[in-house]
Number of protein chains: 2
Amino acid sequence: MIELEIKMPCPDLKALERRLIEMGARLEGDLDQEDVYFSHPSRDFGATDEALRLRRENDRSRITYKGPKLDLDTKMREEIELDVEDLARMSLVLERVGFKPHYRVVKCRRVYLLQSVQFCLDRVEGLGDFVELEYEGPDLEEGKRKIMELKRHLKLEGNERRSYLELLMQKK
Amino acid sequence: MIELEIKMPCPDLKALERRLIEMGARLEGDLDQEDVYFSHPSRDFGATDEALRLRRENDRSRITYKGPKLDLDTKMREEIELDVEDLARMSLVLERVGFKPHYRVVKCRRVYLLQSVQFCLDRVEGLGDFVELEYEGPDLEEGKRKIMELKRHLKLEGNERRSYLELLMQKK
């Protein structure tokens, strides 16, 4: 499975949502996500290109470690993730051993599916509104074609390659 | 609730178990416990009197932080604990950010209840067999009296104040 995604600012999410519904997109759900990225007690995660994240997604709590990108061309990186029982307590454990909550990314994400492309309509606190198109499937070329076609058809413009975390860090 | 416990080596757990059953003790269950204590990437947990532990107990996985003892008289310390979905993945997250598995305490624990005293019959890998008597209740004096009476009655001798972790560390 290859994950292919493109993201761009979207000044009018409501209009986009209406268009998607007209085109037959199916609402997959609403996700209420709050991510907290921690700094390391003795390592500069910015320099090592790693991240330690706690995510609340609706009622689910998860911890994720992201390793450095494995090469320059792709965004491939080691990702280790698991559910935890209680986010506040997990955060406290991390803080007690010297990690500090450093960046907070809060977003409401509404997900639609159209022609095997996932549309994530994101309202990101402090950054504004974005849409992310994601194709998950075996055929990379077909995915690229489909994403570009839908992007053109919906008159979506731009290509934001930076993650929300990177955007927030650069804004600070 | 005050937790009151006493622990001692027990050369013949089988004989003790028979005596407990004769006296009407109720079998509470068998616990298969494996604890891994981690060292910190930049802090000496031995010096700060802290601990970070992953515990597998039968099918349950937990992470626990133990803070320094709060005073010299009691064993009171902050303890933050939560369940995690997957022990191997949690361990990997910790290792990736610089923690190292340092000590491993493995034991089989069989628990009996007799007169509101819990008897933990422990077989500890590398240390041998122990019994722990624990009273959990509101009346400290009553608990002490009961524990001492049962200890005498069962001809249990000794009083090991060190934890299994401390015993293993001193053995190394």
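Structure values in brief
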| quantity | calculated |
| --- | --- |
| Test: A:Glu136 is at pLDDT 95 or above, open to solvent by 40 Å² or more (accessible area, probe 1.4 Å), part of a strand (DSSP E or B) and more than 14 Å from every other protein chain (Cβ to nearest Cβ) | no |
| Filter result (part of a strand (DSSP E or B) and open to solvent by 80 Å² or more (accessible area, probe 1.4 Å)) within segment A:3-29 | A:Glu3, A:Glu5, A:Arg26, A:Leu27, A:Glu28 |
| Among the residues listed as A:Leu70, A:Leu54, the single one being crowded, with 19+ Cβ neighbours inside 10 Å and without any contact (Cβ under 8 Å) to a residue 60 or more places away in the chain | A:Leu54 |
| A:Asp30 being farther than 26 Å from B:Asp83 by Cβ, within 14 Å of chain B (Cβ to nearest Cβ) and at pLDDT 95 or above | no |
| Residue within segment B:100-117 that is among the polar types (S, T, N, Q) and at negative phi present | no |
| Listing of strands (runs of 3 or more DSSP E) fully contained in segment B:51-115 that carry 3 or more residues being under 14 Å from A:Leu94 (Cα atoms) and facing another protein chain (nearest Cβ under 10 Å) | B:60-69, B:77-83 |
| Among the residues listed as A:Glu95, A:Glu79, the single one being open to solvent by 70 Å² or more (accessible area, probe 1.4 Å) and within 14 Å of the chain's Cα centre (by Cα) | A:Glu79 |
| Count of residues meeting criterion [at the interface with chain A (Cβ under 10 Å from one of its Cβ atoms) and free of Cβ contacts under 8 Å to residues at least 60 places away in the same chain] in segment B:33-47 | 5 |
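The values are calculated or read from the model by the stated rules, or taken from the named source; none is laboratory data. Because the structure is a prediction, the values reported are computed rather than measured. Methodologically, a virtual Cβ is constructed for each residue, glycine included, from the backbone with ideal geometry; neighbour enumeration extends over all protein chains shown. Accessible surface areas use protein heavy atoms only, side chains included; no ligands, DNA or RNA. Shrake-Rupley method; radii C 1.70, N 1.55, O 1.52, S 1.80 Å.
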